[in-house]
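What follows is one structure encoded as structure tokens, with my remarks underneath.
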Amino acid sequence: MGKSFAVIGDPIDHSLSPNIHNAAFRELDLDSSYIAYRIPKGELEGGIEGLKKIKIDGFNITIPHKIEMMKYLDKIDEICNLIGAVNTVSNKDGILKGYNTDMDGFLEPFKKKELNIDGINALLIGAGGAARAIVAGFTKEKAKSITIANRTLEKATSLSKFAKTIGLNANAIEIKDIKDTISNYDVIVNATSVGLKNESSVIELKGINEKTIVYDIVYMPMNTDFIKKAKVEKATIIYGYEMLLGQAVKAFEIWHGIEAPYNAMKKAVLGGF
Ligand code: ATR
């Protein structure tokens, strides 16, 4: 029998995950399907029951359920447990196991482009679920330090405590206090949702150079205002779609137990714009 998969979240209509996974199924001739399923905030429990009833084989989780979904898991993978947020679930006979492929997805473009994280000073803007996975990624690859800048200082402080607990030198500031410290960083990441609605970037990038890596996790539109400003400064760019692709490849491999067709999936993601 064919297998079925989904991505759950709200909003969900802009999601490129169905395009990416369905392209992989076509490429490998797998009898599987993948759909987007809108579950509004506050309706997660009922939504999960529905997915279990139709015997879904696996699903991805996006905004706003990545943290709340932890409650409904029967088993939790080690990295997922460490991060405290889940983006990939497998369902084996009603037993839900949670994984977090955002961390590896975030790191994937650095590996593909042979960009080093070891010893760098990072500026992370944002302190939500995605930011937690990124902190874990910087720690794993031995960054020297991380400054976490957030609109709400408490959340940055709490994420900075998490970073220190897992062994990364960290401090927390408010976004408005970044100002002219921008040139101190080797890698600058936007992990806020700002850009999705074509807003101006939360910070200015004057003072960086071509060695600075600027990474936006917002993937729609591809050229956010943040990315455009980084291009003006000739920085090294990593696009949000690269992380999206990286986490999708890992999720595919968890569910299907075979190597993901990377090129077909990349083509699907780029075709979605
Ligand atoms: P995700 O799972 O994608 O990380 P999230 O947990 O809802 O989503 O986190 C969203 C992040 O975007 C937070 O860091 C949030 O800042 P606050 O903690 O201050 O809410 C940030 N964010 C959202 N809208 C923002 C805005 N207009 N300006 C600055 N930061 C914003």
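The values are calculated or read from the model by the stated rules, or taken from the named source; none is laboratory data. In this text, all values refer to a predicted model and were calculated from it rather than measured experimentally. Every residue, glycine as well, gets a Cβ built from its backbone with ideal geometry; the counts of neighbours run over all protein chains shown. The accessibility values were calculated without ligands, DNA or RNA, using every heavy atom of the protein model including side chains. Shrake-Rupley method; radii C 1.70, N 1.55, O 1.52, S 1.80 Å.
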Residue under question is residue 118, and the condition is that it be exposed (fewer than 14 other Cβ atoms within 10 Å of the Cβ) and touching a Lys or Arg at 6+ places or on another chain (Cβ under 6 Å); does it hold?
yes
Matching residues, region 149-173, being more than 9 Å from the ligand (Cβ to nearest atom) and in contact with a Ser or Thr (Cβ under 9 Å, 6 or more places away or on another chain)
160, 163, 166, 167, 168, 169, 170, 171, 172, 173
Is it the case that region 185-204 has a residue that's open to solvent by less than 60 Å² (accessible area, probe 1.4 Å), part of a helix (DSSP H, G or I) and in the same structural domain as residue 150 (by TED's automatic domain parsing)?
no
Using the structure shown, decide if residue 129 is within 16 Å of the ligand (Cβ to nearest atom), open to solvent by 10 Å² or more (accessible area, probe 1.4 Å) and either in contact with a Ser or Thr (Cβ under 9 Å, 6 or more places away or on another chain) or in contact (Cβ under 8 Å) with a residue 40 or more places away in the chain (or both).
yes
Considering only residues that are crowded, with 22+ Cβ neighbours inside 10 Å and assigned to a strand (DSSP E or B), which ones fall in region 132-146?
146
